[in-house]
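See below for the structure under consideration.
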Amino acid sequence: MGSNSHPRIFAATPQAIVRAAQLLREGRLVAVPTETVYGLAARADTDDAVAAIYRAKGRPAFNPLIVHVPNIASAQTLAEFDSRAHALAHRFWPGPLTLVLPRRASAPLADAVTAGLPTVALRCPAHPVMQQLLAAVALPLAAPSANRSAAISPTTARHVAQSLGDAVDLILDGGACERGLESTIVALRPGGGWEILRSGPIGRSELVAVLGASGEDRRVPGMIEAPGQMSRHYSPGKPMRLGIVNADADEFHIGFGAVAGDITLSARGDPREAARRLYQCLHAAAAAEQRRIAVAPVPEQGVGIAINDRLRRAAS
Ligand code: AMP
Ligand code: MG
């Protein structure tokens, strides 16, 4: 039996992790906490298991998945690592950085994972539950966010249960996610160029410190065109206005800093706290009685860049 909040939610005890690993090896779906958001995991080497992720999420097949590995050695069996990839992995793994690299021809990955692309997106997550699960299952795990496609990302086990219900076989509960935003995705091009495909907890300046600025392919933020970087995403299902200090009476107001709101991203105006609380606030706004949402201004700096990226998509 799961916890009394939902029959499929289990505290992430060692026994529950063993059970989750068994299910994954059988090709089933397990939701697992990471430091970014909750992931919907399946073994990445089996067509049927990967197909189950797309089905459970209602995710379009052209939108490739991130593959999670326990360490750099495991990542190297799946993708070609050049010196830049090594430098980034050594600096930021385990952690909220995803590398898009040339896929190895021999990589044991289902074709659907990469949506047929010659590249693969890899991440080594820091969360102890995800690390224990990767060790127990001893296979790379494909794991997008554990929500229906285009909906608000989950940062608690309950969010997962609300979005996916019976479509997931087991939900490991590891509490609320520490970072609260999806990983930064950086693509390293074979010619030496690189590009941020998705902003996230690791900022551009941190990447430039490792890669140098010269090879960067910069596009207009929010106009990124990678597979799956759809403009409509993280949707609360109601109209939403951004940069609002004084909300209308029929708006649920999400505050930040001096703007109090009905709920706040961070009363002390801390961008990291705001990132952690973003999806929780959007879930609360979606469930509120008001038929519209307004969000206070969040400064476009540091992790605020990634927060505003998610808010723009949620409002579109
Ligand atoms: P999600 O699983 O929802 O966090 O999204 C993963 C994102 O990673 C997708 O939206 C893709 O844009 C991106 N991605 C995954 N694999 C690749 C790849 N091989 N090339 C470019 N982008 C990728
Ligand atoms: Mg997602």
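Collect the residues in the range 165-189 that are over 22 Å from SER266 (Cα atoms), assigned to a loop (DSSP other than H, G, I, E, B) and within 13 Å of ligand 1 (Cβ to nearest atom), keeping them in residue-number order.
Step one: filter the range 165-189 for residues over 22 Å from SER266 (Cα atoms), giving 165-174, 185-189.
If we keep only those that are assigned to a loop (DSSP other than H, G, I, E, B) as well, we get 168-169, 174, 189.
ARG189 - this is the single residue of the range 165-189 that is over 22 Å from SER266 (Cα atoms), assigned to a loop (DSSP other than H, G, I, E, B) and within 13 Å of ligand 1 (Cβ to nearest atom).
Output the residues belonging to the range 108-122 that are more than 9 Å from ligand 1 (Cβ to nearest atom) and either of a type outside the set (A, V, I, L, M) or open to solvent by 10 Å² or more (accessible area, probe 1.4 Å) (or both). Within the range 108-122, PRO108, LEU109, ASP111, ALA112, GLY116 qualify.
Residue count for the range 57-75 satisfying the condition of being open to solvent by 60 Å² or more (accessible area, probe 1.4 Å) and out of contact with any Phe, Trp or Tyr (no Cβ under 9 Å at 6 or more places or on another chain): 2.
Check the range 139-156 and report whether any residue there is part of a helix (DSSP H, G or I), of a type outside the set (S, T, N, Q) and more than 11 Å from ligand 2 (Cβ to nearest atom).
If we filter the range 139-156 for residues that are part of a helix (DSSP H, G or I), which is where we start, we get none.
The answer is no, given that none of the residues of the range 139-156 is part of a helix (DSSP H, G or I), of a type outside the set (S, T, N, Q) and more than 11 Å from ligand 2 (Cβ to nearest atom).
Scanning the range 1-39 for residues that are within 19 Å of HIS283 (Cβ to Cβ), modelled with pLDDT under 95 and in contact with a strand residue (DSSP E or B) (Cβ under 8 Å, 6 or more places away or on another chain) returns SER3, HIS6, ARG8.
Scanning the range 76-100 for residues that are among the small types (Gly, Ala, Ser) and over 18 Å from GLY39 (Cα atoms), we see that the one that is most open to solvent (accessible area, probe 1.4 Å) is SER83.
Where strands (runs of 3 or more DSSP E) fall entirely within the range 1-111, those with at least 1 residues that are in contact (Cβ under 8 Å) with a residue 60 or more places away in the chain and small (Gly, Ala, Ser) are at 9-11, 30-32, 39-43. So for the range 172-184 (the condition being open to solvent by 20 Å² or more (accessible area, probe 1.4 Å), among the basic types (Lys, Arg) and more than 16 Å from ligand 2 (Cβ to nearest atom)), does at least one residue qualify? Looking through the range 172-184, none of the residues is open to solvent by 20 Å² or more (accessible area, probe 1.4 Å), among the basic types (Lys, Arg) and more than 16 Å from ligand 2 (Cβ to nearest atom).
Residues in the range 77-133 that are closer than 25 Å to ARG59 by Cβ and among the charged types (D, E, K, R): ARG103, ARG104, ASP111, ARG123. For the range 132-161, the set of residues classified as crowded, with 20+ Cβ neighbours inside 10 Å, among the hydroxyl-bearing types (Ser, Thr, Tyr) and farther than 18 Å from ALA16 by Cβ consists of SER145, SER153, THR155, listed by residue number. Of the residues ALA294, ALA274, ALA260, ALA267, the single one that is open to solvent by less than 10 Å² (accessible area, probe 1.4 Å), farther than 23 Å from ALA157 by Cα and at pLDDT 95 or above is ALA294.
In this entry, SER145 passes the filter for residues that are under 13 Å from the mean Cα position of the chain (by Cα) and of a type in the set (Ser, Thr, Tyr). Every listed requirement among (1) in contact with a Leu (Cβ under 9 Å, 6 or more places away or on another chain); (2) at pLDDT 95 or above is met by ALA115 save one, (2).
Please find, among PRO102, PRO108, PRO60, PRO94, the residue that is at pLDDT 95 or above and under 20 Å from the mean Cα position of the chain (by Cα). Give the steps one after another, and end with the answer.
On the way: PRO102 fails: under 20 Å from the mean Cα position of the chain (by Cα); PRO108 fails: under 20 Å from the mean Cα position of the chain (by Cα); PRO60 fails: at pLDDT 95 or above.
After ruling out the rest, the residue left standing is PRO94.
The condition of being over 22 Å from the mean Cα position of the chain (by Cα), crowded, with 17+ Cβ neighbours inside 10 Å and either within 13 Å of LEU172 (Cβ to Cβ) or not hydroxyl-bearing (Ser, Thr, Tyr) (or both) holds for only one of ALA16, ALA21, that being ALA16.
The values are calculated or read from the model by the stated rules, or taken from the named source; none is laboratory data. Please read these numbers as outputs of a predicted model, since none were measured by experiment. All Cβ positions, even for glycine, are placed from backbone atoms using ideal geometry, and neighbour counts span all protein chains on display. Accessible surface areas use protein heavy atoms only, side chains included; no ligands, DNA or RNA. Shrake-Rupley method; radii C 1.70, N 1.55, O 1.52, S 1.80 Å.
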